[in-house]
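Here's the structure we're looking at; comments come further down.
The values are calculated or read from the model by the stated rules, or taken from the named source; none is laboratory data. Nothing here was measured: the structure is a model prediction, and the numbers come from that model. Neighbour counts are summed over all protein chains in view; Cβ atoms, including those assigned to glycine, are modelled from backbone coordinates with ideal geometry.
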């Protein structure tokens with residue numbers, strides 16, 4: 001037994017050195033890509049806010065983005081879901097053009113006024129750039145899987161400035177209820193290095209202030225649970241609405257480039273009728289304001305609608321920053337009837353809606369610790385776990401798989417994707433044993 005243990009350490013050393021070097025490179029590439037993305041989005045946002053007439057060109061921006069993917073990116077149209085599929089069942093190396101196309105598409109979305117985020121873009125850039133090492137290093141399926149996960153962690157951790165939760169995100173997002181510990185070291189190094197590289201490029205991330213956190217009490221615990229329930233239901237609704245709008249557009253509009261063009265017309269009309277640009281773009285100023293002053297109680301619902309329409313119509317971008325907006329403004333609104341301080345509820349909502357929509361309660365809890373401090377993180381952690389439970393087996397990533405059912409009284413087939421699970425719910429008499437993803 002002692003000899004075996006000795007041999008295990010001899011195996012661990014070269015394995016550690018191997019992934020230290022590779023993940024360091026992945027982190028540099030992912031962090032640089034995130035810096036380019038964040039700089040580009042800052043420029044696009046300033047241009048749009050300075051020249052509001054650009055909103056009128058949103059349909060043309062959507063048409064251009066849709067045409068680019070139709071002409072050059074049909075094989076990578078799946079985006080984040082394609083990456084998850086490649087991790088679960090590795091097939092083809094992700095083309096390098098994914099990084100270029102998703103960057104251009106996301107900048108077009110924000111320049112002309114779509115409501116989208118940045119995490120999806122950062123993840124796709126990080127994973128596709130990392131995957132280019134597969135041929136160079138002659139990786140097999142097992143190592144390539146870890147490489148892609150490290151690319152995801154590097155992109156996520158660097159684009160938000162949350163390296164520890166970025167690590168967990170790359171491990172937790174693959175399957176509900178299961179963790180891939182074999183990739184924990186590469187994901188950690190890629191996320192930490194990626195975040196540091198982004199900072200070295202001069203990027204600064206928003207700061208969210210939670211100045212006062214009460215001691216845990218029975219009342220506070222109940223408030224956190226109620227907040228988590230509400231966040232989970234809103235997260236589930238957002239995911240399902242986005243998928244339904246996407247299905248509607250794909251069903252009734254056969255030519256893909258026309259979908260975001262029509263979606264752009266609808267968004268521009270709604271902005272014009274509403275008379276506000278508050279709900280387009282990233283919405284970071286509103287997220288920050290949710291920690292400082294009382295916002296309109298309907299802000300979260302408006303952002304749900306704008307983002308679901310933007311992404312469902314086929315515009316490029318992520319879901320997470322809009323989810324932060326939805327969660328922060330929802331928490332702000334909950335301060336009207338819950339007893340916890342408004343800034344704390346805004347932080348809890350920000351983390352918990354993301355936890356429910358992405359099915360990543362641990363990564364979201366750690367994110368709250370990184371963003372708001374350990375005292376607020378305890379309350380946010382309770383809300384994140386409850387939100388995860390109450391969001392059901394739905395989520396923003398349709399290729400995410402079920403590793404273990406959220407409810408012990410209702411076992412589900414392991415390996416079933418969320419997309420296939422949604423189909424089985426609409427066909428209640430189906431034999432799950434014969435319906436493999």
| query | Restricting attention to region 200-224, which residues are surrounded by 15 or more Cβ atoms within 10 Å (Cβ to Cβ) and in a helix (DSSP H, G or I)? | reply | 220, 223, 224
| Residues of region 172-189 satisfying the condition of being under 19 Å from residue 12 (Cβ atoms) and assigned to a helix (DSSP H, G or I) | 181, 182, 183, 184, 185, 186, 187, 188, 189
| task | Scan 168, 148, 174 and give me the residue that is touching a residue at least 60 places away in the same chain (Cβ under 8 Å), surrounded by 20 or more Cβ atoms within 10 Å (Cβ to Cβ), within 22 Å of residue 316 (Cβ to Cβ) and under 19 Å from the mean Cα position of the chain (by Cα). | result | 148
| Any chance region 130-149 includes a residue that's touching a strand residue (DSSP E or B) at 6+ places or on another chain (Cβ under 8 Å) and either at positive phi or not assigned by TED's automatic domain parsing to the domain that holds residue 299 (or both)? | no
| query | So which pairs qualify, if the first residue must be in region 291-305 and in contact (Cβ under 8 Å) with a residue 24 or more places away in the chain, the second must be in a loop (DSSP other than H, G, I, E, B), the Cβ gap must be under 6 Å, and the two must be at least 6 apart or on different chains? | reply | 291/208; 291/209; 302/279; 303/279
| Elements of type helices (runs of 4 or more DSSP H) in region 318-437, at least 1 residues being touching a strand residue (DSSP E or B) at 6+ places or on another chain (Cβ under 9 Å), crowded, with 16+ Cβ neighbours inside 10 Å and at pLDDT below 95 | 320-334, 418-426
| query | How many residues, within region 8-63, are free of Cβ contacts under 8 Å to residues at least 24 places away in the same chain, over 25 Å from the mean Cα position of the chain (by Cα) and either surrounded by 13 or more Cβ atoms within 10 Å (Cβ to Cβ) or assigned to a helix (DSSP H, G or I) (or both)? | reply | 13
